[in-house]
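Structure first, commentary second.
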């Protein structure tokens, strides 16, 4: 199984345990590792035989814009499920969402793997 990666995808989301955290969208960063069989797209050199990473990135941005989450763990899981639902060639996805919230840390992250 090969992997297609998207690193550092920035998107705005209403996220946080407290209502005041969710009052305004905040920017988080998402990294994805999409597990897929690339055999056919390598042979054909055709996007129809591959996972469309631009479509994946746009879908994550839309999902984030339209939803609200209390926990980054749940957001990461929902992103993984959404990617699998819209990318039929993906077998599994590992999603890491990073939020800048603690002044003494560069970020807090949750990472989950979602498989079919």
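The values are calculated or read from the model by the stated rules, or taken from the named source; none is laboratory data. Since this is a predicted model, take the numbers as computed values, not measurements. All Cβ positions, even for glycine, are placed from backbone atoms using ideal geometry, and neighbour counts span all protein chains on display.
Within the range 27-52, the set of residues being touching a strand residue (DSSP E or B) at 6+ places or on another chain (Cβ under 6 Å) and farther than 14 Å from residue 3 by Cα comprises 27, 28, 29, 30. When residue 101 is tested against (1) part of a helix (DSSP H, G or I); (2) within 18 Å of residue 21 (Cβ to Cβ), only condition (1) is not met. In the set (1) modelled with pLDDT under 95; (2) over 13 Å from residue 26 (Cβ atoms), residue 84 fails one condition alone, (1). Among the residues of the range 10-24, the ones that are under 30 Å from residue 89 (Cβ atoms) and surrounded by 14 or more Cβ atoms within 10 Å (Cβ to Cβ) come to 3 in all. Counting only helices (runs of 4 or more DSSP H) wholly contained in the range 25-93, the ones carrying 2 or more residues that are surrounded by 15 or more Cβ atoms within 10 Å (Cβ to Cβ) and touching a residue at least 24 places away in the same chain (Cβ under 8 Å) occupy 53-66, 72-86. Checking each residue in the range 25-42 for being under 23 Å from residue 88 (Cα atoms) and out of contact with any helix residue (DSSP H, G or I) (no Cβ under 8 Å at 6 or more places or on another chain) picks out 31, 33, 35, 36, 37, 38, 39, 42.
Of all the numbered requirements in (1) at pLDDT 95 or above; (2) surrounded by fewer than 17 Cβ atoms within 10 Å (Cβ to Cβ); (3) not in a strand (DSSP E or B), residue 7 misses one, and that requirement is (3).
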